[in-house]
């Protein structure tokens, strides 16, 4: 078993992809192989395919199973005699690949018919390396303002408020001074209805209250193509020229906050993706475009208990989170404050004039002492607020 692997310069990758597309030649990636490993015979029906091994090499240090899996995939591909496969890798990762896999041999640099001029040089580079517009938490003058915002906007969770300020101060130093930590990652555990997602929304509002929240719910990414849905389809497949779900949502948000809900639904491919993202601060989509998230806050939420978290999330990924915090239900006093805050928000947006006395009357109709789930409590508040407003209008 002996294979030639050609190499490419990252700056030219987008043009290479476009050239191959024009020739109806698909370029597949390692994440795509991983997702479709049980359906290889149906996937590899084209007569000519490029297989980019760059992602596999990047992940070898974090996952000891990657070399075995890649060798297994190569053996399977070798049985598909009707398909001509060209192995390629980014020039930067060629030597690491050859050192681990002796059955690969260095080929030649892939030929790309690109005429680069001074006028289009910047445009070509932008195609493969994109930094999103974002407000960086580390650029704030201090965290006193954030502390006040959390106290004013977030009911309860006092221990969390103290812990996150401390961790962000450490993060700011290492991100800004040492240039050692690209992303601040927060993992929130606990049962449904404890306000985990609301914590992420509060951070978003503090940084930028005008743009939409960038939120991904992993309950929508449970199929075999979960990673492809998240970061985009390989060239030649439906939707391959469109922004992926993740890129699209980040582009329309300027806060520098990304919320990943229901992480308990994530599979191994998603685990590996976030392992690389938290380590490097950037990710490659299926077309090889590099997206830089340096300075971002990523808030992961999950209904995991602490025991489930340790059992289900790989240790190498767990070690990448800056802060892991288990949220619990609010006590009765805090639930009352939550109800009052919600009603005040509705009063500010209604055309009817309501007084403090009106607010207190609405609060009295809500049995907040018996309902601990904030999502259900919010439904009760809406229902009783509407009922009160309707009766007031009718008079």
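Could you tell me whether residue 165 is under 23 Å from the mean Cα position of the chain (by Cα), more than 27 Å from residue 230 (Cβ to Cβ), assigned by TED's automatic domain parsing to the domain that holds residue 271 and modelled with pLDDT under 95?
Here the answer is yes, as residue 165 does meet what is asked.
Evaluate the following for residue 344: is it within 16 Å of residue 194 (Cβ to Cβ), part of a helix (DSSP H, G or I) and not assigned by TED's automatic domain parsing to the domain that holds residue 154? It is false that residue 344 is within 16 Å of residue 194 (Cβ to Cβ), part of a helix (DSSP H, G or I) and not assigned by TED's automatic domain parsing to the domain that holds residue 154. The listed residues are 322, 289, 272, and the only one of them that is buried (at least 17 other Cβ atoms within 10 Å of the Cβ) and within 24 Å of residue 208 (Cα to Cα) turns out to be 322.
Of note, residue 315 satisfies the criterion of being modelled with pLDDT of 90 or more, closer than 30 Å to residue 169 by Cα, surrounded by fewer than 19 Cβ atoms within 10 Å (Cβ to Cβ) and assigned by TED's automatic domain parsing to the domain that holds residue 179.
Restricting attention to segment 193-245, which residues are out of contact with any helix residue (DSSP H, G or I) (no Cβ under 7 Å at 6 or more places or on another chain) and modelled with pLDDT under 65? If the condition is that a residue be out of contact with any helix residue (DSSP H, G or I) (no Cβ under 7 Å at 6 or more places or on another chain) and modelled with pLDDT under 65, then 223, 233, 237, 238, 239, 240, 241, 242 are the ones that fit. Residues in segment 83-132 that are in a helix (DSSP H, G or I) and at pLDDT below 80: 118, 119, 120, 121, 122, 123, 124, 125, 126, 127, 128. Scanning segment 358-374 for residues that are touching a helix residue (DSSP H, G or I) at 6+ places or on another chain (Cβ under 9 Å), under 18 Å from residue 331 (Cα atoms) and surrounded by 13 or more Cβ atoms within 10 Å (Cβ to Cβ) returns 363, 366, 368, 371, 372, 374.
The values are calculated or read from the model by the stated rules, or taken from the named source; none is laboratory data. Computed from a predicted model, the values in this text were never measured in an experiment. So basically every Cβ, Gly included, is an ideal-geometry build from the backbone, and we count neighbours across all protein chains shown.
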